[in-house]
Amino acid sequence: MDSSYSFKIFDNTTSLPANWDTLANTTVFLSKKYLQVLETSSPANMKCNYIGIFNQDDLIGIAISQFIDLNALDTFGERDKSIKNRIRNFVFKKIASHVLIIGNNMLTGQNSFALSADANPEKAIHTLNIAVQKLKNTFSQQGIKIHITSFKDYNSKEFELFKVPAFRKDFKFSTQPNMIFTIDENWHHEVDYINSLSKKYRDQYKRGRKRASGIEKRKLPLEEIIVLEDTIYELYLYVAKNAPFNTFFLPKNHFSVFKEQFKDKFLFYGYFLNGKLIGFNTLIKNGSIMDTYFLGYDETIQREKMLYLNMLYDMIAYSINKKFKSIVFARTALEIKSSVGAKPEIVFGLMRHESSIFNLLLPKVFRYLEPETIWQERNPFK
């Protein structure tokens, strides 16, 4: 007889099963090491839980959830000052301030769960859904009512797993695509990439590199990250607060904690002008994939020196030299990422509101709060 799967919910990494990492081999973002980074330096308004799915005593699935309290934020983003933005903020505060995400709100892509090869995917997803309900009940007992539950981010193939009755009433949504840069197997050095560009985009590359003259780029060790922590945080906050919408802000020690835990698998590059740090970007080695992470910059110098574009070129050059297969450039700044060769991957999510009335209204409300991004895809190659 086919036995049911069971689950356990963990609220700290020390209690995770000993063999947790055997299932986290598809992405570093489910590994104990990464979860410990979150545990030590997650945003102040975020609480992580970890879910183990079992077939009798065998661990056959792992997942992460993040509870986000939007009431704890002073701002969701300062770039847009419109009436619509004020209405959006009001709506989030009143009816959607407690959000439970199955996945990672700090990343783009399927970093929410992993299953063993012998797991039954449909049964595992069904069990995960039951575990989420249990988790919501636990929050309720603590006096926290979850308004919205969301599963994110899945490409078309991954999303097939959710086409089961348990998710029939959930609202299916898609926001900005995940920008993926695929590295041609014939590229061995940056010059191979440059030679593959059409004249227009080779000229863009030359212009960008020329404008960045005088800037020194340097890989920073842990000790220097700690010394420069205040400046790093100012640069990060500028970019974060000028995003159109934000649900969290990193704590000041996040990058130093990450570097201490991940060593050379976490790369922190500082950009200096006349000895002063004016920008930085971060990269995470994730198997054969290079994941871009958070960055920051001085906006006045960014425009003058085309700093962001140069950061993208630097990430591409490093990843080619180190034989990575692809770069996850994630969301935002779609057009400029497209101009260097990244392609959009549409990702989907599911959302449900605890109120059946609001749940029916989610499609209309979502379109209003998150309008479709209009952008022009570029093809920089010959």
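The values are calculated or read from the model by the stated rules, or taken from the named source; none is laboratory data. Worth saying up front: this structure is predicted, and the values here are computed from it rather than measured. Positions of Cβ are backbone-derived with ideal geometry, glycine not excepted, and every protein chain shown enters the neighbour counts. When the accessible area is computed, the model is the full protein with side chains, heavy atoms only, and any ligands, DNA or RNA have been set aside. Shrake-Rupley method; radii C 1.70, N 1.55, O 1.52, S 1.80 Å.
First obtain the Kirkwood hydrodynamic radius of segment 171-271 from its Cα pairs, then insert it into the Stokes-Einstein equation at 25 °C and 0.890 mPa s, and state the resulting D in µm² per second as a whole number.
Details: Rh = 17.3 Å.
This corresponds to a translational diffusion coefficient of 142 µm²/s.
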How far is helix 199-211 tilted, in degrees, relative to the longest principal axis of the Cα atoms in the chain, given as a value from 0 to 90 rounded to the nearest 10? 80 degrees
Inverse of <1/r> over all distinct C-alpha pairs of segment 237-373, i.e. the Kirkwood Rh in Å, gives 17.5 Å
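To one decimal place, what orientation-averaged projected area in nm² is obtained for the convex hull of the Cα set of segment 106-210? Walk me through the numbers before you get to the answer.
Values: hull surface 47.0 nm².
Averaged projected hull area, Cα only: 11.7 nm².
Could you calculate the FRET efficiency of Leu360 with Asp184 from 1/(1 + (r/R0)^6), where r is the beta carbon distance between them and R0 is 35 Å, rounded to 0.05?
Working: r = 47 Å, r/R0 = 1.35.
The value I calculate is 0.15.
If you average 1/r over all unlike Cα pairs in the chain and invert the result, what Kirkwood radius do you get in angstrom? Walk me through the numbers before you get to the answer.
On the way: mean 1/r = 0.0450 Å⁻¹.
Roughly 22.2 Å, rounded to one decimal.
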Descending Cα extents along the principal axes, segment 331-382, whole Å: 52, 17, 13
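Using the heavy atoms of the protein chains alone and a 1.4 angstrom probe, what is the accessible area of the chain per residue in square angstrom?
Numbers: 18330 Å² over 382 residues.
With the other protein chains kept in place, the chain gives 48 Å² per residue.
Would you tally the net charge around Leu59, using a Cβ to Cβ cut-off of less than 14 Å, leaving Leu59 out, and scoring K and R as +1, D and E as -1? Provide the component values of the computation, followed by the final result.
On the way: positive: Lys8, Lys32; negative: Asp21, Asp57, Asp58, Asp118.
That sum, taken over residues with Cβ under 14 Å, equals -2.
Whenever you get a sec, compute what percent of the accessible area on the chain sits on carbon and sulfur atoms (1.4 Å probe). Could the numbers behind the result be given before it?
Values: 9580 of 18330 Å².
Here it works out to 52 percent.
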